[in-house]
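Input: a single structure, listed below in structure tokens.
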């Protein structure tokens, strides 16, 4: 079986799924902490010390993290879809080769 250079193998696809899901988890975890800090910490004295108490800036950070998480999850879904397609194709090819290998050879082919 030959593989096209532009095709991802299953190992690469699985790596992409795991990598993007890890990114999504990190983005979402950071987003949760930022939301708690931004909207749950009314009267937070530490915000003034850090100089980042501007609500617009915090909301922009949250929006960026949400968008990054969505993109990472969508990339993981796409990679998972690719992997499922490749597994299905491999399964069909394997079943076909088993049928061919076990079929009785009634006629001899001259080579």
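Quick notes on this structure:
- Enumeration of residues in region 25-40 that are surrounded by 12 or more Cβ atoms within 10 Å (Cβ to Cβ) and either modelled with pLDDT under 75 or in contact with a helix residue (DSSP H, G or I) (Cβ under 7 Å, 6 or more places away or on another chain) (or both): 27, 28, 30, 31, 34, 35, 38, 39
- Close Cβ contacts (under 6 Å, 6 or more residues apart or on different chains) running from residues in region 73-93 that are more than 11 Å from residue 17 (Cβ to Cβ) to residues that are surrounded by 12 or more Cβ atoms within 10 Å (Cβ to Cβ) comprise 86/10.
- The set of residues in region 55-69 being touching a residue at least 24 places away in the same chain (Cβ under 8 Å) and either surrounded by fewer than 13 Cβ atoms within 10 Å (Cβ to Cβ) or within 15 Å of residue 26 (Cβ to Cβ) (or both) consists of 61, 62, 65, 66, 68, 69.
The values are calculated or read from the model by the stated rules, or taken from the named source; none is laboratory data. All values reported here derive from a predicted model rather than from experimental measurement. For neighbour counting, all protein chains shown are included, and Cβ atoms are generated from backbone atoms with ideal geometry for every residue, glycine included.
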